[in-house]
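The values are calculated or read from the model by the stated rules, or taken from the named source; none is laboratory data. Every value quoted in this text rests on a predicted model; they were computed, and no experiment measured them. Heads up, the Cβs are rebuilt from the backbone with ideal geometry, glycines too, and the neighbour counts pull from every protein chain shown. For the accessible areas, the whole protein counts, side chains as well, though only heavy atoms, and no ligand, DNA or RNA atoms are used. Shrake-Rupley method; radii C 1.70, N 1.55, O 1.52, S 1.80 Å.
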Amino acid sequence: MQTREIPREQWIRYFDDFSKNHEGWIVTVEVIGSDIGDQEEASGLPLVGISADVKARENRIDLMVGGKPGVHVERFIDRPKHVWVKEPRIPGDEAIEVESEDGIKTLLNFQRVRPEET
């Protein structure tokens, strides 16, 4: 698996395209930080979308999974400073890691199968 950093000026376009291509893919969301350890926020839910708002007054990445009443998780990552994507050699298995200025990392792991294939 190859890892590359997405430059900040490409975040909006990258997440828009990624969301269109991966909507409905099953995802696990983990939050990792030195003071909180490794916390799983969501598992086995479909991706609704990821968006970046990087204007001067706004600096945030929004992540939405689930998309149904009672099964919806939305995570706001304030002050993101790095976005990495792990790209597979085999299509369909990817991960995104977002690190915020406070050192907390949000990790999205995508399963190889889309929900309609399960």
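Angle, helix 11-22 long axis vs. longest principal axis of the chain, Cα atoms, 0 to 90°, nearest 10?
Taking Cα atoms only, the helix is inclined about 10 degrees.
Tell me whether the stretch 1-51 comes out rounded, prolate or oblate; compute the Cα gyration tensor, take square roots of the eigenvalues as a ≥ b ≥ c, and use a/c under 1.5 as the rounded threshold.
oblate
Using the Cα centre of the chain as the reference point, and only Cβ charges (+1 on K/R, -1 on D/E), how large is the resulting charge dipole? Debye, rounded to the nearest 20.
Roughly 280 debye for the chain.
Would you work out if the stretch 38-92 is rounded, prolate or oblate? Take a ≥ b ≥ c from the square roots of the eigenvalues of the alpha-carbon gyration tensor; rounded if a/c is under 1.5, else prolate when a/b is larger than b/c, oblate otherwise.
Cα axes put the stretch 38-92 in the oblate bin.
Place the peptides 24-33, 6-15 in order of packing, highest mean first, counting for every residue the other Cβ atoms within 10 Å and averaging per peptide.
Top to bottom by mean Cβ count within 10 Å: 24-33, 6-15.
Counting only heavy atoms of protein chains, what accessible area per residue, in Å², does the stretch 1-84 have with a probe of 1.4 Å?
Value for the stretch 1-84: 60 Å² per residue.
Would you mind classifying the chain by shape? Square roots of the alpha carbon gyration tensor eigenvalues, ordered a ≥ b ≥ c; an a/c under 1.5 is rounded, otherwise it is prolate if a/b is larger than b/c and oblate if not.
Rounded is the answer for the chain, as its axis ratio a/c remains below 1.5.
Okay, helix-only estimate at 222 nm for the chain: each DSSP H run of n ≥ 4 adds -39500 (n - 2.57), divide by all residues, round to 500 deg cm²/dmol; what do you get?
-3000 deg cm²/dmol
Taking the alpha-carbon distance from residue 81 and a cut-off under 16 Å, which lysines remain once sequence neighbours fewer than 8 residues away in the same chain are dropped?
55, 105
Which order do peptides 43-54, 69-80 fall in by mean Cβ count within 10 Å, highest first?
The densest-packed peptide leads the list: 43-54, 69-80.
Taking K and R as +1 and D and E as -1, what net charge do the other residues with C-beta under 14 Å from the C-beta of residue 35 add up to?
-1
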